[in-house]
Amino acid sequence: MTEPVHILLRRLDPDLPAPRYAHPGDAGADLVAAQDLRLAPGERALVGTGMSVALPYGYVGLVHPRSGLAARHGVTVLNAPGTVDAGYRGEIKVNLINLDQRNVATIARGDRIAQLVVQQVERAHFHLVDELPGSGRGTGGHGSTGGHSGLAVADERFGL
Ligand SMILES: O=c1ccn([C@H]2C[C@H](O)[C@@H](COP(=O)(O)OP(=O)(O)OP(=O)(O)O)O2)c(=O)[nH]1
Ligand SMILES: [Mg+2]
């Protein structure tokens, strides 16, 4: 196991648990809702997690959806993955959306609503040039390699 990165964490709401990894080897530490809320079908809300962090420079916190919430209730993170910058000191918030077409999603304060994945990031310097070096792919993208997309039904329907 690699050494963990140490992150300063401030609990804005001392009654809520700090983010925690549910199992050894988990990539994401669960984030909880600081409030009760109900999301009607299609409704979204920016939900506080009751905590803020100081990530070391060179790291990012990515707010990922929880697959269980998505599979069971259709609730996911609208801007997934959300980006928590190293310089950000505000409360970490989760932009939740209920994509279920029929059911209202009920979330209680303290429920796990998302997970924070901490990663190292490179910082780039962008060098302006008139021409880019050639490559095997060139400018082809967005399905340019052809073949089956794996979405046979949609392909037929849209005449692709
Ligand atoms: O899911 C998220 C995404 C972002 N943030 C916070 C931390 C992040 O550092 C800040 C800004 O996020 P981002 O850069 O994605 O948003 P923006 O729309 O570009 O806002 P800004 O102009 O403040 O950068 O908002 C969250 O709390 N949760
Ligand atoms: Mg930004």
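The values are calculated or read from the model by the stated rules, or taken from the named source; none is laboratory data. Being a predicted model, the structure only gives us computed values, none of them experimental. Counting neighbours? That spans all protein chains shown, and the Cβs are built from the backbone with ideal geometry, glycine included. Ligands, DNA and RNA are excluded from the accessible area calculation, which covers all protein heavy atoms including side chains. Shrake-Rupley method; radii C 1.70, N 1.55, O 1.52, S 1.80 Å.
Tabulated results
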| quantity | calculated |
| --- | --- |
| Virtual spin-label span in nm between Glu91 and Gln35, 7 Å along Cα→Cβ | 0.7 nm |
| Portion, in percent, of the accessible area of the chain that falls on carbon or sulfur, probe 1.4 Å | 52 percent |
| Global geometry of the chain, whether rounded, prolate or oblate, following the gyration tensor of its Cα atoms and the 1.5 cut on a/c | oblate |
| Cβ-based charge dipole, the range 53-127, positive-most Cα from Ala71, Ala114, Ala86 | Ala71 |
| Solvent-accessible surface (1.4 angstrom probe) belonging to Arg89, in square angstrom, nearest 10 | 130 Å² |
| Cβ-Cβ FRET estimate between Thr83 and Glu131, R0 fixed at 30 Å, reported to 0.05 | 0.45 |
| Ile107, Ile7, ranked by accessible area, largest first (probe 1.4 Å) | Ile7, Ile107 |
| Choice from Ala124, Ala40, Ala105 with maximal GNM fluctuation in the chain (Cα, 10 Å cutoff) | Ala124 |
| Computed E for Ser67/Leu9 - FRET, C-beta separation, R0 22 angstrom, nearest 0.05 | 0.35 |
| Size of electric dipole in the chain: Cβ of Lys, Arg +1 and of Asp, Glu -1, about Cα centre, debye, nearest 20 | 400 debye |
| Coil-residue chymotrypsin sites (Phe, Trp or Tyr not before Pro) of the range 1-97, DSSP, other Cβ within 10 Å capped at 16 | Tyr21, Tyr57, Tyr88 |
| Excluding exposed DSSP-loop GluC sites (Glu not before Pro) (at most 10 other C-beta within 10 Å), longest clean stretch of the chain | 1-121 |
| Computed [θ] at 222 nm, helices only, for the chain once each DSSP H run of length n ≥ 4 contributes -39500 (n - 2.57) | -2000 deg cm²/dmol |
